[in-house]
Every structure is written in C-alpha cells, then in structure tokens.
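J.: I'd like to ask some things about the structure below.
The values are calculated or read from the model by the stated rules, or taken from the named source; none is laboratory data. It should be emphasised that the depicted structure is a prediction, and the values quoted were computed from it without experimental measurement. For neighbour counting, all protein chains shown are included, and Cβ atoms are generated from backbone atoms with ideal geometry for every residue, glycine included. Side chains included, ligands, DNA and RNA excluded: accessible areas come from the protein's heavy atoms. Shrake-Rupley method; radii C 1.70, N 1.55, O 1.52, S 1.80 Å.
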Amino acid sequence: MDIRYMQEALKEARKAYKKKEIPIGCVIVYNDKIIARAHNLREGKQNSLYHAEVLAINKACKKLKSWRLDMCDLYVTLEPCAMCSGAILQSKVKNVYFGAYDKKAGMAGSRFDMFSIRFNYDPIVCGGVLEEECSTLIKDFFKKLRKEK
C-alpha cells in the first residue's frame, strides 16, 4: 500500500465535489504507475452505473487491453458498494484499498463482506486508509447539500 495513491484518489473525489457529485475518487495502479483515475459522475450523466470504481475499472481495462486486472491495485476513497465490489471481483483486482467506511452500503465489511465469499481468487482488502480525510470530505459534502436545500 502506498498513501500517495490514496491522495490521488482524494484529488479525484474533490473533482466530484466541485461538480456536486458525491465526492468519491478512485485510481488504479499497475507496476507502480497510475493507469486509470475516475470520480463519481452519476448525477451529471444521470446514470446509476457511473461510480468512480466502475469508471476507473473500465479505463484500466482499455489501457491494459484486458478484462483481467489481477496485477493491479485499486484505491478508492469510500468502501465499495455491492455493484462496485462485484465489478472489482469480476475484474480480479489484486489489492483493494479504501478510505472511509460506509455503514449504510459498504460491502467490504460494514454491511456485508462480499470479498470474504470464496471465489477462484481472493483480493487483499484494506480499509481505513486516510480514513479521516476521506470521511471528512463526504461529511462536508452532505452538510453543505443540506444547507442548500
């Protein structure tokens, strides 16, 4: 694990924040180099599939010309939801690092642990990476959103 990659994911999350999207960012690393970066675009694109992880996985697959990301690490600022956890498992990401825990929808241990189900491979999952910074960004976003209503 390398903290600087979570810092890059946070940069992506801040881009989402500026676009009034839920501030979640993701980067995918291969051979110690970021090959994909993305942030939530669900509101702007009006598409429920446009989560940061799904967008980053799509970009990484195109970059590597492969659906297998088994030599890649994924850094995301919020614990993955069911859809994103499924996409991570399907693409065989080697290591998953996330920042803030999501008690409402987190599928890496908070609500359920999809990564503990035995598949033909088991990614290594590590939560709480720069947790305070990741959590604060999301909390501030929703606090601001409530004030604007």
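J.: Tell me, in nm to one decimal, what length is gained between Lys103 and Lys45 on full extension, where the rule is 0.36 nm per residue of separation less the Cα-Cα distance? Working shown, then result.
T.: Details: separation 58, 0.36 × 58 = 20.88 nm, distance 2.59 nm.
Contour length minus Cα-Cα distance gives 18.3 nm.
J.: Compute the long axis of helix 131-148 from its Cα atoms, compare it with the longest principal axis of the Cα atoms of the chain, and write down the angle in degrees, 0 to 90, nearest 10.
T.: 40
J.: Let me ask something additional. Can you tell me the length gained on complete extension of the stretch Lys65 to Lys11, counting 0.36 nm per residue apart and subtracting the Cα distance? Can you show the working numbers first?
T.: Numbers: separation 54, 0.36 × 54 = 19.44 nm, distance 2.58 nm.
Full extension of this stretch gives 16.9 nm more.
J.: How far, in degrees from 0 to 90, does helix 82-91 lean away from the longest principal axis of the Cα atoms of the chain, to the nearest 10?
T.: The angle comes out near 30 degrees.
J.: Further question on the same structure: Only loop residues by DSSP count here, and only those with at most 14 other Cβ atoms within 10 Å; note down the trypsin sites (Lys or Arg not before Pro) in the range 75-128 that meet that.
T.: Numbers: sites: Lys92, Lys94, Lys103, Lys104, Arg111, Arg118; in loops: Lys92, Lys94, Lys103, Lys104, Arg111, Arg118.
Passing sites in the range 75-128 are Lys103, Lys104, Arg118.
J.: If you roll a 1.4 angstrom probe over the protein chains with everything in place, what fraction of the accessible area of the chain belongs to carbon and sulfur, to the nearest %?
T.: Working: 4340 of 8350 Å².
The C+S portion of the solvent-accessible surface of the chain is 52 percent.
J.: How far, in degrees from 0 to 90, does helix 3-18 lean away from the longest principal axis of the Cα atoms of the chain, to the nearest 10?
T.: On a 0 to 90 degree scale, this one is about 40.
J.: Moving on. Below 18 Å, Cα to Cα, which aspartates and glutamates can Lys59 reach? Residues fewer than 8 away in the same chain don't count.
T.: Straight-distance partners of Lys59: Glu8, Glu12, Asp32, Asp70, Asp73.
J.: Which entries in Lys15/Lys45; Lys19/Lys94; Lys94/Lys139; Lys103/Lys147; Lys65/Lys92 show an alpha-carbon gap greater than 25 Å?
T.: Values: Lys15/Lys45 15 Å; Lys19/Lys94 31 Å; Lys94/Lys139 29 Å; Lys103/Lys147 23 Å; Lys65/Lys92 14 Å.
Those over the limit are Lys19/Lys94; Lys94/Lys139.
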